[in-house]
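See structure below.
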Amino acid sequence: MPSDAPAPVLLSHRVPDLGALELLLAVARHGSLGRAARDVGITQPAASSRIRSMERQLGVALLDRSPRGSRLTDAGALVTDWARRIVEAAEAFDVGAQALRDRRDSRLRVAASMTIAEYLLPGWLIALRAARPDTAVSLLAGNSAAVAGRLLAGEADLGFVEGLFIPEGLDGTVIAHDRLVVVVAPSHAWAGRRTPLTPQELAATPLILRERGSGTRQVLDAALAVHGGLAQPLLELSSTTAVKGAAESGAGPCVLSELALGEELSSRRLVKIPVAGVRLRRQLRAVWPSGHRPAGPARDLLSLTGRSSPSVG
């Protein structure tokens, strides 16, 4: 069934480009094609060619050329008046667009899952500060599900998550890889083991865990699903620091990102326990709302992570 809506008007093939209109205005100001060419930064032959092309496009003569200079025809004078209004409108458009860019570039709202927020983002943000000292950055830390929610609600410009996949409604790119490790206090019975844990042993043991919705929990749930699934948690805590503290106190084993355990492992406040037969690696991703590639400070921060090839969720 034919539509009653009018066909779109395509002006591009009938209206000269802004460069040509600016040249015509320069000719009107100077009364000379040569001086107009110098004013807009092109050669006189190029200026002559551009004027002739515009005359063919419009179907009217715009200039009377003579040894004494170039004078606007009556049609040329009328087109020049129209051109002035178009160029002024384009200048206003450019000023407005620059104001929008300046407003965008004046702030950056980042949402990041806990491990990335604590152990990777500080270095990136210091580098961004050096590159963009006038950009105010706010950081919202939470689990991966919360990061996705903030992006989809328009409350963040760029996010970082740790899960197995890109959350629905977002696009993203892998920026790093990470490994989860099992750790216990030195006083725990596992600290003296001579053989690695089996996946079944790990799955059957009540653990100190991050809450559901965290990337750490998501990866662990998936890895142990084929081995009977996780036992009822000993504790569920909402921060990496709290999980480490509980494990250090001897409450029980925990599973955390290796990124978060450097100091505790080097000082032997916690001991790493090998696990055989289960993959506990994960990808760390930058994410943003689908179809809205990061721009301005968000793009610069993404480049500082060292990876910027997009994958689509």
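The values are calculated or read from the model by the stated rules, or taken from the named source; none is laboratory data. Since this is a predicted model, take the numbers as computed values, not measurements. Cβ coordinates were reconstructed from backbone atoms using ideal geometry, including for glycine residues, and neighbour counts include every protein chain displayed. Side chains included, ligands, DNA and RNA excluded: accessible areas come from the protein's heavy atoms. Shrake-Rupley method; radii C 1.70, N 1.55, O 1.52, S 1.80 Å.
Here the accessible area of the chain is 55 percent carbon and sulfur, with a 1.4 angstrom probe and all protein chains present. Taking the DSSP bridge list for the chain and keeping only pairs wholly inside it, about 60 percent are antiparallel.
Only Lys, Arg, Asp and Glu count, each charged at its Cβ (+1, +1, -1, -1), so figure out the dipole size of the chain about its Cα centre, rounded to 20 debye. Can you show the working numbers first?
Values: 37 positive and 30 negative charges, 149 e Å.
I would put it at about 720 debye.
Residues considered: GLY262, GLY149, GLY41. Largest GNM mean-square fluctuation over the chain, using C-alpha springs under 10 Å, is found at GLY41. Annotation: SER266 carries an accessible surface of approximately 100 Å², with a 1.4 Å probe and no ligand, DNA or RNA atoms counted.
To the nearest 0.05, what FRET efficiency results for THR198 and SER138 with a Förster distance of 35 Å applied to their C-beta separation? That pair, THR198 with SER138, gives E of 0.20.
To the nearest ten degrees, helix 215-224 and the longest principal axis of the Cα atoms of the chain are 50 degrees apart. The modelled label-to-label distance for the pair ARG71/ARG279, using points 7 Å beyond Cα in the direction of Cβ, is 8.2 nm. Near GLN44, once Lys and Arg are set to +1 and Asp and Glu to -1 for all other residues with Cβ below 11 Å from its Cβ, the sum equals +3.
In a reduced charge model with +1 at each Lys and Arg Cβ and -1 at each Asp and Glu Cβ, the range 240-285 shows a dipole moment near 260 debye about its Cα centre. Placing dummy labels 7 Å off each Cα toward the beta-carbon, the span from ASP81 to LYS272 is 8.0 nm. Highest mobility in the GNM of the chain, judged by mean-square fluctuation with C-alpha springs under 10 Å and restricted to LEU261, LEU25, LEU280, is found for LEU25.
Spatially, the range 265-303 and the range 55-99 are offset by 55 Å when compared through their Cα centroids. Along its principal axes, the range 187-281 has C-alpha extents of 34, 32, 22 angstrom, given from the largest down.
In whole Å, what three semi-axes, largest first, describe the equivalent ellipsoid of the range 156-224 built from its Cα gyration tensor (square root of 5 times each eigenvalue)?
On the way: eigenvalues 185, 30, 26 Å².
Taking √(5λ) for each Cα gyration eigenvalue gives 30, 12, 11 Å.
Which whole-number percent is the relative contact order of the range 151-249 (Cα, under 8 Å, 6+ apart)? Can you show the working numbers first?
Numbers: 88 pairs, mean separation 29.4, N = 99.
Computed value for the range 151-249: 30 percent relative contact order.
Along its three principal directions, the equivalent ellipsoid of the chain from the Cα gyration tensor extends over semi-axes of 66, 20, 15 Å, largest first.
Relative contact order for the range 191-302 using alpha-carbon pairs under 8 Å, separation at least 6, rounded to a whole percent? If you can, show how the numbers build up before the last one.
Details: 119 pairs, mean separation 35.9, N = 112.
With pairs under 8 Å counted, the relative contact order is 32 percent.
Placing unit charges on each Cβ (+1 for Lys and Arg, -1 for Asp and Glu) gives the range 228-313 a dipole about its Cα centre, and among LEU259, TRP288, GLY245 the Cα reaching farthest toward its positive end belongs to TRP288.
The charge dipole of the range 235-313, taken about its Cα centre with unit charges on the Cβ of Lys, Arg, Asp and Glu (plus for the first two, minus for the last two), comes to roughly 340 debye.
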